[in-house]
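J.: For reference, the structure I am asking about is given below.
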Amino acid sequence: MAEKLLEVKNLRTEFKRDKTWVTAVNHVSFSIDKGEILGLVGESGCGKSVTSLSIMRLLSPGNSRISEGEVLMNGKDVLKMDKKQIRNIRGREISMIFQEPMNSLNPCMKIGKQIVEAILLHNNISKDEAYKRAADVLRLVGIPEPDVTLKSYPHQLSGGMCQRVMIAMAMSCEPELLIADEPTTALDVTIQAQILELMEEIREKKNTGILMITHDLGVVAEMCSRVIVMYAGRIVEEAPVKELFANPKHPYTQGLIASVPKLGSGEESLPSIPGSVPDLAVMPKGCKFAPRCKFAMDICHEQEPELEEIDGTGIRRCRCHLMNQKEQEAANV
């Protein structure tokens, strides 16, 4: 049996809007094993980044709250920790690569100071030793002249270099879980490949669990062993990556995969999913995807489907009335 590194149970995250609370993440549950790369995909606004920020406890307490659920890291509930305990967890046990490296790095501080600050926080070592470790970790992420980079400001580096610095900072204390939020966004194809290869090497060497948040299904196919598809703050499908691409069950997943360009297809235009993700404050009744789904039935507009196991394998889940109906018909044959 694989050892559970992270378990998220019935996570519900809400934001305050005009004196009312709207739900951005609705009873999300999943787990990550040690050494596993789990993909989390969906359109912008589906709740992927909010899920990761909830796990890290990085949401603003004034206009957001985690109203239900548990986030167990090595069996310890992160949501019940005080500020000191959560600071000890961040960076040492859980680290995050944020979506925009240029916005995540402090423009007024040199790279070296930003990395060393995290190292000194979690390790009882001298400043010189911390700088040596910072140089080593920059070298690990493929930066050829780490001493020069340590003395540079973020604006003096390219986007790819800043992304590598963010990965180095996240890995500087050798965390057990790495959350990567769109780690290859806005990077050219060559740098993307290098960063993905680097993350795979880190996983192999350190047995690090990785939560890969992305909208790029190519990255998912290459990197992940298991995939979760989110829509409107809910998990709509979960499956091993090969099974998901070979036989997507949920209409939303089918639409996402169909919209990926295919070489030699000869099609003049790509298929697309009509409409957009619904407003959190004005969610449709029943299935949240029903207004955009070409397979929607009457029940889809009245009753929200449950996230249920399919195929009898225990490793695939889907939230769809049509799929549940097909499973019941197959069971009765």
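J.: Taking P284, is it at pLDDT 85 or above, under 30 Å from W21 (Cα atoms) and more than 21 Å from the chain's Cα centre (by Cα)?
T.: For P284, the condition - at pLDDT 85 or above, under 30 Å from W21 (Cα atoms) and more than 21 Å from the chain's Cα centre (by Cα) - is met.
J.: So R164 clears everything in (1) open to solvent by 30 Å² or more (accessible area, probe 1.4 Å); (2) of a type in the set (K, R); (3) in a helix (DSSP H, G or I) except one condition, right? Which one?
T.: In the conditions (1) open to solvent by 30 Å² or more (accessible area, probe 1.4 Å); (2) of a type in the set (K, R); (3) in a helix (DSSP H, G or I), R164 misses (1) alone.
J.: With in a loop (DSSP other than H, G, I, E, B), on the phi > 0 side of the Ramachandran plot and open to solvent by 30 Å² or more (accessible area, probe 1.4 Å) as the only criterion, which of G286, G275 stands out?
T.: G275
J.: Considering only residues that are touching a Phe, Trp or Tyr at 6+ places or on another chain (Cβ under 8 Å) and not acidic (D, E), which ones fall in the range 218-249?
T.: Within the range 218-249, A221, I228, V229, Y231, A232, I235, V236 meet the criteria.
J.: Would a scan of the range 14-32 turn up a residue that is closer than 16 Å to V229 by Cβ, touching a residue at least 24 places away in the same chain (Cβ under 8 Å), in a loop (DSSP other than H, G, I, E, B) and not β-branched (V, I, T)?
T.: No, because not a single residue in the range 14-32 is closer than 16 Å to V229 by Cβ, touching a residue at least 24 places away in the same chain (Cβ under 8 Å), in a loop (DSSP other than H, G, I, E, B) and not β-branched (V, I, T).
J.: Quickly run through the range 187-218 and pick out the residues that are free of Cβ contacts under 8 Å to residues at least 60 places away in the same chain, surrounded by 14 or more Cβ atoms within 10 Å (Cβ to Cβ) and among the polar types (S, T, N, Q).
T.: Correct list: Q192, Q194.
J.: If you don't mind, another one. Going by what's in this entry, would L105 be described as open to solvent by less than 50 Å² (accessible area, probe 1.4 Å) and modelled with pLDDT of 95 or more?
T.: No.
J.: Another question about this same structure. Which residues, counting only those in the range 76-90, are more than 20 Å from the chain's Cα centre (by Cα) and open to solvent by less than 60 Å² (accessible area, probe 1.4 Å)?
T.: Listed by number, the list holds a single entry, M81.
J.: Another one. Pick out the one residue from L38, L72, L5 that is closer than 30 Å to V260 by Cα, part of a strand (DSSP E or B) and not basic (K, R).
T.: Going through L38, L72, L5 in turn, the sole match is L38.
J.: Which members of the range 8-20 meet the condition of being surrounded by 17 or more Cβ atoms within 10 Å (Cβ to Cβ) and either touching a Phe, Trp or Tyr at 6+ places or on another chain (Cβ under 8 Å) or not aliphatic (A, V, I, L, M) (or both)?
T.: Correct list: V8, R12, T13, E14, F15.
J.: Let me ask something additional. Exactly one of these conditions fails for T51: (1) closer than 30 Å to E200 by Cβ; (2) in contact with an Asp or Glu (Cβ under 7 Å, 6 or more places away or on another chain). Give me its number.
T.: (2)
J.: Do any residues in the range 56-75 that are more than 19 Å from I94 (Cβ to Cβ) have Cβ atoms under 7 Å from those of residues that are of a type in the set (S, T, N, Q) and open to solvent by 60 Å² or more (accessible area, probe 1.4 Å), where the two are at least six apart or on different chains, and which pairs are they?
T.: Taking only residues 6 or more apart or on different chains, the pairs are E68/N10.
J.: In addition: Identify all residues within the range 47-69 that are assigned to a loop (DSSP other than H, G, I, E, B) and out of contact with any Gly (no Cβ under 7 Å at 6 or more places or on another chain); write none if there are none.
T.: Of everything in the range 47-69, those that are assigned to a loop (DSSP other than H, G, I, E, B) and out of contact with any Gly (no Cβ under 7 Å at 6 or more places or on another chain) turn out to be R57, L58, L59, S60, P61, G62, N63.
The values are calculated or read from the model by the stated rules, or taken from the named source; none is laboratory data. Every value quoted in this text rests on a predicted model; they were computed, and no experiment measured them. So basically every Cβ, Gly included, is an ideal-geometry build from the backbone, and we count neighbours across all protein chains shown. The protein model used for the area step is the full one, side chains on, heavy atoms only, and it has no ligands, DNA or RNA in it. Shrake-Rupley method; radii C 1.70, N 1.55, O 1.52, S 1.80 Å.
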